[in-house]
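To keep things clear, I will list the structure first and then write my remarks on it.
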Amino acid sequence: MRKYSWITAFLLVTILSACTATKSREDILRQAEVIREEFLEKQPDVLAETAAAPPQVFSLPEPQPEAEQPAEAPDVAAVPVTVEVPAEPPRLPPVRNEKLYFKARYLGMTVAELTTEVVERKYHKGVPVIVFKATGKTTDPFSKVFPIEDIFISYMDEQRKRVVYREEYRSEGKYRKHSFVEFDYDKGLAFFYNDVDKTRKEIPISDQVHDPVTANYYARTLRWQPGDTLDLQVYASEKIYDLICLIEDIDDIKTPGHGKRPALVVQPYAYINGEDAKKGRATGFFDAGGARIPLKAVIRTPFFGSAQLILDRIENQTFSGR
């Protein structure tokens, strides 16, 4: 079975991807301490600016309440008989339908397109969730040689900040995968089912797990500063990865149509079962504004050189998140 799709790799690079894992966790934390001290000495004004970003980047502004009109006294004879009805769950606030468009480039050519979007808020088994979607496909002329159309749908428990459900539809050349994963935290298991080959698996999980899609969005709600680290457990391809991301620096990144933007440089390190997940080297660049929009991801491998994912367009969102 093919382990990773190209879209999984790029989603993971903005938070996981082809990670570097050549250091121990203790080495990474020591490096983070040095970075934090140096940054505080050199750029305290930039640090204060990035720390002040708004946290709710996927929510719409709260509507202003309408003035209540004084109620008239009802006619006693017109008062209806009270009938008890089952209580409905509270109505969820609308979500900001952010949509981000990226271009994947290799050897100076655009080979694929990736779109990520915030779909809706809804209830899943009684739990309020945010639904995210990521789609990717190769572009002409590469789609004629190796057509790829991938779709990933993920539900994130907004209160507990963890993935609760995932759908994966992959069409890559002759390869097909239509899988569904239910994350049961009471049982400590993720239940996997592939509708193509009818395989089922049970994967042990902790009480706080993400997949590549929700990990990317969850990380964007955090207030990062150089020298910070982020620890996550990420489900990908029926495995659980231990991930630590180091915020290395703030750098100016040039993007088409958006000019130069100050970006937080994120270096992810991944481990599986305590062993290094050595799959190359990756670096992510997230805008330093409040929405923490991914600007670029770079994957470097020993065999295929360097590939980049670059932000192209933004809909229903701003860099500030306001």
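Values as computed for the structure displayed
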read-out: In Hz, Karplus ³J(HN,Hα) per residue of segment 256-265 (6.51, -1.76, 1.60; θ = phi - 60°; x = Gly, Pro); value: x, x, 10, x, 7, 10, x, 10, 7, 8
read-out: Nitroxide proxy distance, nm - points 7 Å out along Cα→Cβ at THR110 and LYS239; value: 3.3
read-out: Accessible-area ranking of HIS124, HIS210, largest first, probe 1.4 Å; value: HIS124, HIS210
read-out: Charge dipole (segment 202-322, unit charges on Cβ, about Cα centre) - positive-most of ILE240, GLY259, PHE319; value: GLY259
read-out: Qualifying trypsin sites (Lys or Arg not before Pro) for segment 110-198 [loop in DSSP, other Cβ within 10 Å: at most 16]; value: LYS125, ARG160, LYS161, LYS174, LYS187, LYS198
read-out: For GLU120, residues with placed amide H under 5 Å, excluding near neighbours; value: VAL131
read-out: Placed amide H near ARG176: partners under 5 Å, 5+ positions off or other chain; value: none
read-out: Heavy-atom SASA rank of MET156, MET109 (probe 1.4 Å, accessible area, largest first); value: MET109, MET156
read-out: Links that overshoot a 21 Å alpha carbon limit, given the list LYS125/LYS161; LYS174/LYS198; LYS137/LYS260; LYS133/LYS177; LYS137/LYS177; LYS122/LYS239; value: LYS137/LYS260; LYS122/LYS239
read-out: In sequence order, calculated HN-Hα J values of segment 305-311 (Karplus, 6.51, -1.76, 1.60; Hz; x Gly/Pro); value: x, 10, 10, 10, 10, 10, 4
read-out: Other-chain or far-sequence residues with amide H under 5 Å of TYR241's (modelled H); value: VAL234, TYR235, ALA236
read-out: Hz values of 3J(HN,Hα) by residue in segment 100-106 - Karplus curve (6.51, -1.76, 1.60), Gly and Pro given as x; value: 10, 10, 10, 10, 8, 10, 9
read-out: Size of charge dipole - segment 163-301 - debye, nearest 20, with Cβ of Lys, Arg +1 and Asp, Glu -1, no other charges; value: 660
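The values are calculated or read from the model by the stated rules, or taken from the named source; none is laboratory data. As the structure is a computational prediction, the values presented were derived from the model and not from experiment. When we count neighbours, we look across all protein chains shown, and the Cβ atoms used for this are built from the backbone with ideal geometry, even at glycine. Heads up: the accessible areas ignore ligands, DNA and RNA and are worked out on the full protein's heavy atoms, side chains in. Shrake-Rupley method; radii C 1.70, N 1.55, O 1.52, S 1.80 Å.
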